[in-house]
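The values are calculated or read from the model by the stated rules, or taken from the named source; none is laboratory data. Since this is a predicted model, take the numbers as computed values, not measurements. Reconstructed Cβ throughout: ideal geometry from the backbone, glycine too, with neighbour counts over all protein chains shown. The accessibility values were calculated without ligands, DNA or RNA, using every heavy atom of the protein model including side chains. Shrake-Rupley method; radii C 1.70, N 1.55, O 1.52, S 1.80 Å.
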Amino acid sequence: MAMNPDEYAFINRATGPYAWAYWIMFLSALILPLTLLIKKLASKFWYVILVVFGMKSGMYFERFVIIMTSFHRDYLPGNGNAELENGNTELIDLFAFGIGMIFLQGLIITILTLGIFEIIKRKKTVYNNLYN
């Protein structure tokens with residue numbers, strides 16, 4: 001029974017040489033955010049920060065899995081590998097800088113959002129103490 005190319009790609013990503021990255025991606029981008037449905041965990045500030053970092057790293061693992069498993073064992077010269085062999089480091093450095101900036105942006109947005117939520121929570125507490 002011949003396997004559909006999409007089925008092969010899915011099974012190869014989950015069980016192939018980059019399975020470790022696939023499962024880290026799966027756990028950090030899909031399973032970890034679902035733990036926020038537990039009210040006791042979602043109310044802890046540092047746990048939410050941990051989940052945000054996990055989700056952000058899961059997003060990068062997702063990109064890594066897609067790109068690396070697509071290029072894995074692709075040694076045909078007509079598929080653009082000649083550019084990588086010639087040492088095109090400027091593109092790689094630019095890509096690394098872009099990933100770093102996106103990660104930094106996510107960190108800043110997370111801290112600002114959680115700070116705003118903390119301020120709102122404190123204002124509600126002061127308001128409830130004054131009028132109750």
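Descriptive notes on the structure:
- Subset tally (residues that are among the β-branched types (Val, Ile, Thr) and more than 28 Å from PHE64 (Cα to Cα)) for the range 96-132: 5
- Qualifying position, being of a type outside the set (Ser, Thr, Tyr), surrounded by 15 or more Cβ atoms within 10 Å (Cβ to Cβ) and modelled with pLDDT of 80 or more, among ALA42, ALA21, ALA9, ALA14: ALA21
- Each residue in the range 110-132 was checked for being at pLDDT 85 or above and more than 19 Å from SER43 (Cβ to Cβ), and 1 pass.
- Whichever residue in the range 112-132 is of a type in the set (A, V, I, L, M, F, W, C) and without any contact (Cβ under 8 Å) to a residue 24 or more places away in the chain and, among such residues, is surrounded by the most Cβ atoms within 10 Å (Cβ to Cβ): PHE117
- Identity of the residue in the range 58-69, open to solvent by 40 Å² or more (accessible area, probe 1.4 Å) and in contact (Cβ under 8 Å) with a residue 12 or more places away in the chain, that ends up nearest to THR110 (Cα to Cα): MET59
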